[in-house]
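Worksheet: one structure, shown below.
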Amino acid sequence: MEKKNCPGAANLSGTPTLKVKVCPDCGTEVEMFSTDLSRECENCGFLAYNDITSCIKWCKAARECVGDEMFEELMEIEKAKELQAAEEKAKKAQQH
């Protein structure tokens, strides 16, 4: 059964933030709180996901939230992004 809310949300301080995303399927606005993992588009039923790649780096419940396989995949993506950013920074430093 898919979780609809972040299991790490209880550890967060402050009020959840609201984001308005655009449904990739039909273009309708989808309101999503920062504690939502996903939200169904009211117009077409498409399941839109919140940006979970940022929280997997720091949230203690990340592995529980997305599962082992997805957690490892997202961590690899984040490592690749960090490596690419470091390479671009080094390249810019050499140019100056």
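Here, each number is a calculation from the coordinates, and none is a lab measurement. What you see is a predicted model; the values in this text were computed from it and never measured. Here the Cβ positions follow ideal geometry from the backbone for every residue, glycine too, while neighbour counts run over all protein chains shown.
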What are the chymotrypsin sites (Phe, Trp or Tyr not before Pro) within the range 37-83 that DSSP puts in a loop, where the Cβ has at most 16 other Cβ atoms within 10 Å? F46, W58
Computed about the Cα centre, the charge dipole of the range 52-96 from +1 Lys/Arg and -1 Asp/Glu charges at the Cβ has a magnitude in debye, to the nearest 20, of 380
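Beyond a 30 Å Cα-Cα separation, which of these cross-linked pairs lie in this structure: K21/K92; K19/K91; K19/K92; K19/K60? Don't skip to the end; give the middle numbers.
Details: K21/K92 33 Å; K19/K91 35 Å; K19/K92 33 Å; K19/K60 23 Å.
Exceeds cut-off: K21/K92; K19/K91; K19/K92.
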Förster-model FRET efficiency, 25 Å R0, A85 and D51, C-beta, rounded to 0.05: 0.90
In whole angstrom, note down how far apart the Cα centers of the range 70-96 and the range 15-41 are. 28
Packing-based exposure ordering (other Cβ within 10 Å, fewest first) of T35, T28, T15: T15, T28, T35
